[in-house]
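Below: one structure, written as structure tokens.
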Amino acid sequence: ISPFINKQNWRKTSIYDIFEKHKSKASEGCNNFCNLTSDMGCEATKIEDWQKCMLSPNFKFMPLLADFEYIYPFEVDYLSYPPMTDSRQLPNVSLSKVYMDGAANGEISCAINDTLRGRVDLVDDFGKHRTIGGDEVRVWMVDKQTQTYKAAGHVTDLRNGSYQISVRCLWPGKSQLNVAVAYPREYLRVVIQHIHKGIGWYYAVKFRRQNIEEVTVCSATPNIPGRSCVCNLTSVNQQSLYCGRPVDSRLTCEDWVETFSLPIPPPHNVTPAENNLIKTIPRPISERTISHNITIVAKSTGQLPKLKPCSETSPASTWDTEYQPQGYWTSNNWQSLICERPKMTAAWTISCLKNSSVWVFGDSNGVRLVGVTSALTQAEKRTETWPEQFIKTDQQNGIHFIFTPLEYPVYLGQAWRRRLPYGGVAKQIDQIPSNGTHLLMIHYYLHITPSHLNIAYLRLTAVRDAIQRLLARNPNVVVGIRGPHVSSVELNFNHAVGGDNLGRYLLAMTRHVFVDLMHKVILLDGWEMTVALENSWYHPVNTVPAELVRTLLAFKCS
């Protein structure tokens, strides 16, 4: 927590305290009465009702946290400052300044493998230096001649409106240094405020018994709007899951049969300036770069260090994402700076995976991990059935690909989908055989970020414990955790709900959760890759999942 904040006004709580606070709502004795206003949604029993509720600017959401309550200290850092009322206090990318140590006449020289350092000073529309910090600043460089060499840099928040930046010279020639304000502090404040006030992405569930039906809404947390009682479906989901209890007493919590993604609500409880900021955020990162005239000129002297094969390198090296680049792009290939990786040819992929099972737990980006890998084998050409579990088999080489979706919340589009029966990822990992060779890839991201990050923590710790149990009973297992990636354009109705806006904190949380398993589990870091690519989409280009899989296989096969 910032030393400038009065900590005495704030009270730390936990997700378990929140579960306990709402416990009575899930009891058999809870009275599911409806004496609320129409804006509360208790009259809503059909999907059309809930769609209208979610899009109403007057709908009353149920707060997750009370005022001055927090779970993580960074929440206090943002929420302690007042709402933005004047957009002129935002960073102005034309007036903000970039300085590089040693730059002269618009150029800075380096040798291959040198690290260059500098500083970014953010300036607002009034020409005043911002003084607090908390903005998300990104740095990357691109070669000027071909624009095929690309690498991300590192940023340190100095907590005073300035940011220390560093980049590494990885190829010869002239390169453009790009510095962008991905998200100003004022925007991240709105994101966290939305989460605390329960303004999130909900999905509907249908309860049915014979010809009786009712629709309510669900979330990973028990602050369900529109119902005074809830169904605690955690035992079904193996992770926290709560739905509004049907008001029709002939229906029970066991009658849940289908799900439907509801619209993302518009911004609530924001100032006009904040509302306008939310609308203008979803755009390519290139439109948020700070103007400057500095060119990096890398000489042909110097060289990158010689790398050991990944199969002779500790997986712990993949987790060192905070201070040094993990690699860089050359055209469509990722050049690792951690360890040497074989080219991902069909022959090498098949030889590496022969007589093994590949288990992927995730969302549609997890499906793509299966797709890019199985395409290099002789696995059957069948259509993936997201969000359903599916299996692809290469009979000739004994390779099995098994995809299973994450536990709820899973957002499946504007259509009714059957209730998924698979349960938690940890449960699925516990069912993997104790013999044979297995590779695992696990990806929590865009379906979990609309919830409070403590929900991600619960799921990640459950997965970590299941991985420990699996490694203890089967040493022939290779595990990769696929991290978040940047995505700046989609969710354009209300970008403050979900997306990549808290991706840095999710990545830091993942590193924290797996700190004792870093020597056994591989981090498949999509963040640095996609910063360098200026990615805008939920689904990065196929080279990203392909290179992540290549890293995983390289730690198994030389």
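Between GLU312 and ALA346, the contour length at 0.36 nm per residue exceeds the Cα-Cα span by 10.0 nm.
Think of region 310-556 as having a plus end and a minus end, set by charges on the Cβ of Lys, Arg, Asp and Glu; of ILE522, CYS352, LEU533, CYS352 sits farthest toward the positive end of this dipole.
Label positions at ASP320 and ASP516, each projected 7 Å from the Cα along the C-beta direction, are separated by 2.4 nm. Between THR216 and VAL205, PHE207, the built amide H atoms are under 5 Å apart, and every one of these is 5 or more places off in sequence or on another chain. Cross-link pairs exceeding 20 Å in C-alpha to C-alpha distance, out of LYS343/LYS381; LYS343/LYS556; LYS150/LYS174; LYS46/LYS206; LYS308/LYS520, comprise LYS343/LYS381. Only one of (1) 101, 66, 61; (2) 81, 71, 44; (3) 78, 68, 38 was calculated from the structure for Cα extents along the principal axes in Å, and its label is (3). From a point 7 Å beyond the Cα of ASN276 in the direction of its Cβ, which residues of region 158-196 have a backbone N at a distance under 18 Å? The answer is 184-188, 190. What is region 310-556's relative contact order, in percent, from Cα pairs under 8 angstrom and six or more apart in sequence? Value for region 310-556: 26 percent.
Around the amide H of PHE390, modelled in the peptide plane, lie the amide H atoms of PHE403, all under 5 Å away and 5 or more residues distant in sequence or on another chain.
Residues in region 336-352 carry Karplus couplings, in order, of 5, 9, 9, 7, 7, 10, x, 5, 8, 8, 4, 5, 5, 4, 5, 5, 6 Hz; the curve used is 6.51 cos²θ - 1.76 cosθ + 1.60 with θ = phi - 60°, and Gly or Pro positions show x.
Approximating the spin labels as points 7 Å out from Cα along Cα→Cβ, the TYR81-to-ILE47 distance works out to 4.2 nm. Of the trypsin sites (Lys or Arg not before Pro) found in region 387-489, those that fall in a DSSP loop while having at most 13 other beta-carbon atoms within 10 Å are ARG419. Using R0 = 22 Å, the C-beta based FRET efficiency linking ARG283 and ALA508 works out to 0.30. Counted residue by residue at 0.36 nm each, then reduced by the alpha carbon distance between them, the extension gain from THR131 to THR13 reaches 39.6 nm. The residue among LEU277, ILE467, PHE61 whose Cα reaches farthest toward the positive pole of the charge dipole of the chain, with charges on the beta-carbon of Lys, Arg, Asp and Glu, is ILE467.
The chymotrypsin sites (Phe, Trp or Tyr not before Pro) of region 317-382 that meet both conditions, a loop assignment by DSSP and at most 15 other Cβ atoms within 10 Å of the site Cβ, are TYR323. Whole-Hz Karplus values for region 130-135 come out as 5, 10, 10, x, x, 7 Hz, taken residue by residue from phi with 6.51 cos²θ - 1.76 cosθ + 1.60 and θ = phi - 60°; glycine and proline positions read x.
Close amide H pairs (under 5 Å, H built 1.01 Å from N) link GLU340 with LYS308, CYS310, residues at least 5 positions away or on another chain.
Taking the Cα centre of the chain as origin and assigning +1 to Lys and Arg Cβ atoms and -1 to Asp and Glu Cβ atoms, the resulting dipole is close to 760 debye. Length available on full extension from HIS539 to LYS21: 0.36 nm per residue minus the Cα-Cα distance, which gives 182.7 nm.
Values quoted throughout were computed directly from the atomic coordinates according to the rules given, and no laboratory measurement underlies them. All figures in this text were calculated on a predicted structure; none of them were measured in a lab. Cβ atoms come from the backbone with ideal geometry, glycine included; neighbour counts cover every protein chain shown.
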